[in-house]
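Single-structure report; data block below.
The values are calculated or read from the model by the stated rules, or taken from the named source; none is laboratory data. All of these numbers come straight from a predicted model, not from anything done at the bench. In this analysis, Cβ positions are derived from the backbone assuming ideal geometry, glycine residues included, and neighbour counts consider all displayed protein chains. Remember, those area values only see protein heavy atoms, side chains included, never the ligands or the DNA or RNA. Shrake-Rupley method; radii C 1.70, N 1.55, O 1.52, S 1.80 Å.
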Amino acid sequence: MKPLPPSPAGKARLAENILHFARVLRAAGLPVGPAKVIVALEAVQAVGVEQREDFRAALESVLIERHEQQALFDQAFELYWRNPRLLERMMQLLLPKVYTRMPRADAEAALSARLADALVPPRVERETEQQEVTADAAFTFSPREVLQSKDFESMTAAELSEVKAMIARLRLPLPELPIRRTVAASRGSAVDLRATLRAMASAGGTVVPLAWRQRRRRRPPLVVLCDISGSMDRYSRMLLFFLHAITNDRDRVHTLLFGTRLTNITRHLKRRDVDVALARVSAAVSDWAGGTRIGACLAEFNRRWSRRLLAQGAVVLLISDGLDSDVGEGLAAEMERLAKSCRRLIWLNPLLRYEKFEARPAGIRAMLPYVDELLPVHNLESLKQLATAFARPHATRGMARAPGFDHARRAA
């Protein structure tokens with residue numbers, strides 16, 4: 001017997017539920033806009049709702065774009081469309097907790113926390129006040145203090161929004177360096193003969209004080225090479241807010257993204273509005289969350305951009321986990337050329353958040369001998385510590401320093 005077509009009231013109810021489901025995904029961090037919701041409604045209308053798997057495949061084909069969004073969509077679908085086992089699990093996540101400094105190691109727990117934050121409406125003001133008083137007990141930390149050391153990967157959607165606002169206020173004060181040009185000064189290291197003779201001629205032969213000149217000081221250019229591969233996706237998205245802040249804070253900041261190809265996004269980040277800037281970056285980058293070809297991308301940078309960007313003692317920030325799809329092929333030679341072209345090469349690696357990190361991959365072993373500093377970049381505190389790295393004296397190249405990183409282990 002052929003099933004009866006759904007009534008108009010049933011269609012309206014289904015459309016309302018799909019719209020609410022799309023809002024949940026957007027609140028959890030997925031880029032789901034009105035256009036996708038309309039296409040999702042058309043897809044569901046085409047396949048029908050008789051078979052659950054067809055219904056799920058229709059929504060999945062429209063509402064997600066990348067492989068890394070699959071886990072979040074699966075949890076949201078099973079929870080929203082009433083899987084009792086996951087519903088019970090999510091209710092346990094909503095119980096009051098005492099927050100500690102230990103980040104969640106399980107990525108699935110982090111996704112569930114984001115879904116809990118997206119599904120549950122804000123609590124009333126009285127409950128919020130009571131929770132704040134309870135959190136002041138001994139052996140606990142304030143929410144803002146916890147966010148300083150919490151890993152970006154384990155944050156909920158609300159925590160990510162708060163951290164983005166905190167990142168927008170960060171600054172990166174590079175030390176000023178003397179350049180070859182000089183300026184007039186009351187005291188200096190060299191006599192300004194032209195100014196002195198001019199003063200003597202106008203003084204009619206009387207004794208005049210010497211005029212002096214001193215070397216100008218200027219902050220060096222900052223060049224950022226940021227990895228946007230799949231393993232760096234969450235960190236790269238958060239670091240773009242930091243890069244936007246420092247690009248609009250000072251001049252001569254150049255940012256290039258690389259995955260399987262190299263993309264210069266400097267002019268996009270110069271937009272004052274961070275949302276407009278990141279929208280332009282998304283439109284310009286075509287290999288986000290894909291593979292990683294560090295050696296090939298560095299070769300392109302050395303060939304096309306090095307001579308025009310690395311002049312005047314530029315400092316290079318290399319943001320990557322060092323996991324190269326090409327197994328480090330040609331990477332050592334390109335790293336050596338990059339290191340010789342810049343004044344200082346600092347490597348920011350999120351894998352240093354692990355206490356037992358070892359330089360096992362070939363890409364990491366090929367890069368280590370040519371960096372001046374090796375630092376973690378996985379939370380807000382590590383970004384603040386980056387400013388102090390510029391104030392420290394240079395390390396011997398090839399002996400990059402990282403907190404808690406054993407050089408004997410590194411060479412293993």
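Return a yes/no flag: does region 351-365 have any residue that is among the aliphatic types (A, V, I, L, M), closer than 18 Å to Thr266 by Cβ and out of contact with any helix residue (DSSP H, G or I) (no Cβ under 8 Å at 6 or more places or on another chain).
no
Any residue in region 368-383 that's within 14 Å of Met238 (Cβ to Cβ): show its pairings with residues that are modelled with pLDDT of 85 or more and in a loop (DSSP other than H, G, I, E, B) at Cβ separation under 6 Å, as long as the two are six or more apart or on different chains.
Filtered contacts from region 368-383: Ser382/Pro376.
Just to verify a result, which residue in region 263-287, among those that are among the hydrophobic types (A, V, I, L, M, F, W, C) and without any contact (Cβ under 8 Å) to a residue 40 or more places away in the chain, is nearest to Glu176 (Cα to Cα)?
Once the filter is applied, the top-ranked residue is Leu269.
Just to be sure I understand, how many residues within region 339-373 are over 16 Å from Ile294 (Cα atoms) and open to solvent by 60 Å² or more (accessible area, probe 1.4 Å)?
Residues that pass the stated criteria total 8.
Before we move on, is Glu329 over 27 Å from Pro173 (Cα atoms) and assigned to a loop (DSSP other than H, G, I, E, B)?
Judged against the criteria, Glu329 is a match.
State all residues of region 44-73 that are within 27 Å of Asp287 (Cβ to Cβ) and more than 25 Å from the chain's Cα centre (by Cα); if no residue qualifies, say none.
Within region 44-73, Ala57, Leu59, Glu60, Ser61, Val62 meet the criteria.
Looking at region 304-326 only, could you name the residues that are in a loop (DSSP other than H, G, I, E, B), charged (D, E, K, R) and under 22 Å from Leu222 (Cα atoms)?
Of everything in region 304-326, just one residue is in a loop (DSSP other than H, G, I, E, B), charged (D, E, K, R) and under 22 Å from Leu222 (Cα atoms), namely Asp321.
Cβ-Cβ below 7 Å, separation at least six or inter-chain, first residue in region 324-341 and of a type in the set (A, V, I, L, M), second assigned to a loop (DSSP other than H, G, I, E, B): which pairs?
Pairs found: Leu331/Asp324; Ala339/Arg397.
More than 20 Å from the chain's Cα centre (by Cα) and open to solvent by 60 Å² or more (accessible area, probe 1.4 Å): which single residue out of Arg271, Arg213 fits that description?
Only one candidate passes the filter, namely Arg213.
Can you find, within region 19-43, the residue that is nearest to Phe73 (Cα to Cα) among those that are among the charged types (D, E, K, R) and within 27 Å of the chain's Cα centre (by Cα)?
For region 19-43, the residue satisfying everything is Arg26.
Considering every residue within region 228-248, establish whether at least one is open to solvent by 10 Å² or more (accessible area, probe 1.4 Å), more than 17 Å from the chain's Cα centre (by Cα) and modelled with pLDDT of 85 or more.
no
Filter region 135-152 down to residues that are assigned to a helix (DSSP H, G or I) and either modelled with pLDDT under 75 or more than 14 Å from the chain's Cα centre (by Cα) (or both) and give me whichever is surrounded by the fewest Cβ atoms within 10 Å (Cβ to Cβ).
Arg144
In region 332-361, what count of residues is obtained for those that are touching a Lys or Arg at 6+ places or on another chain (Cβ under 7 Å) and in a loop (DSSP other than H, G, I, E, B)?
Going through region 332-361 one residue at a time, the tally reaches 2.
Report, ordered by the first and then the second residue, all pairs with beta carbons closer than 8 Å, sequence separation of six or more or different chains, a first member in region 198-216 that is within 30 Å of Glu176 (Cα to Cα) and of a type in the set (Ser, Thr, Tyr), and a second member that is open to solvent by less than 80 Å² (accessible area, probe 1.4 Å) and part of a loop (DSSP other than H, G, I, E, B).
If the second residue must be open to solvent by less than 80 Å² (accessible area, probe 1.4 Å) and part of a loop (DSSP other than H, G, I, E, B), no pairs are left.
Can you tell me how many residues in region 28-78 are open to solvent by 70 Å² or more (accessible area, probe 1.4 Å) and among the polar types (S, T, N, Q)?
Of the residues in region 28-78, 3 are open to solvent by 70 Å² or more (accessible area, probe 1.4 Å) and among the polar types (S, T, N, Q).
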